[in-house]
Amino acid sequence: MLRKLLGKVESGRFGRGLAGLQAGWQWEVKYRFFVARGVVLRGFVKYEGKIFAISISPKSYSCSCQDYVVRGIRCKHIAFVAMVELAYEAAERSAHRQVQEVRSL
Ligand SMILES: [Zn+2]
């Protein structure tokens with residue numbers, strides 16, 4: 001599901017999300033809940049004093065940035081969160097651990 005979402009991100013925004021990973025953007029996850037068709041995520045992307053609220057589920061996604069709010073586009077923040085979550089799930093799988101759910105909202 002996250003791979004599919006990531007695959008639909010336009011390449012420039014994909015690149016900026018990847019650059020954010022390298023630059024140490026933070027993903028503060030407030031809610032992570034696994035469902036049959038993927039994962040439901042809510043949280044905040046933080047960097048350079050900026051903060052964006054992100055919501056991703058198998059059926060929808062949103063971000064509080066101008067790119068999403070004004071243009072309705074899969075933005076670099078959504079790309080970034082999908083990358084971080086894919087990395088997290090891969091690391092947990094390789095360590096043979098159960099992926100942890102966070103439910104705080
Ligand atoms: Zn955004």
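The values are calculated or read from the model by the stated rules, or taken from the named source; none is laboratory data. Bear in mind that the values here come from a model prediction, so they are computed numbers and not experimental data. In this analysis, Cβ positions are derived from the backbone assuming ideal geometry, glycine residues included, and neighbour counts consider all displayed protein chains. Just so you know, the surface numbers come from the protein's heavy atoms only, side chains and all, with ligands and any DNA or RNA stripped out. Shrake-Rupley method; radii C 1.70, N 1.55, O 1.52, S 1.80 Å.
Looking at Gly43, is it modelled with pLDDT of 95 or more, closer than 24 Å to Val99 by Cα, over 10 Å from the mean Cα position of the chain (by Cα) and open to solvent by less than 60 Å² (accessible area, probe 1.4 Å)? Talk me through it step by step, then tell me what you get.
On the way: modelled with pLDDT of 95 or more: yes; closer than 24 Å to Val99 by Cα: yes; over 10 Å from the mean Cα position of the chain (by Cα): no; open to solvent by less than 60 Å² (accessible area, probe 1.4 Å): yes.
No; evaluated as a whole, the condition is false for this residue.
What are the residues in segment 45-65 that are farther than 13 Å from Gln26 by Cβ and either within 11 Å of the ligand (Cβ to nearest atom) or not basic (Lys, Arg) (or both), if any? Working first, answer last.
The initial filter retains those residues of segment 45-65 that are farther than 13 Å from Gln26 by Cβ, namely 53, 55-65.
Residues satisfying the conditions are Ala53, Ser55, Ile56, Ser57, Pro58, Ser60, Tyr61, Ser62, Cys63, Ser64, Cys65.
Does any residue in segment 64-85 that is free of Cβ contacts under 8 Å to residues at least 60 places away in the same chain come within less than 7 Å, Cβ to Cβ, of a residue that is polar (S, T, N, Q) six or more places away or on a different chain, and which pairs are these?
Tyr68/Ser62
Considering (1) in a helix (DSSP H, G or I); (2) open to solvent by 80 Å² or more (accessible area, probe 1.4 Å); (3) of a type outside the set (Val, Ile, Thr); (4) away from the ligand (no atom under 14 Å from the Cβ), say which one Gly15 fails and leave the rest.
If we test Gly15 against (1) in a helix (DSSP H, G or I); (2) open to solvent by 80 Å² or more (accessible area, probe 1.4 Å); (3) of a type outside the set (Val, Ile, Thr); (4) away from the ligand (no atom under 14 Å from the Cβ), just (2) comes out false.
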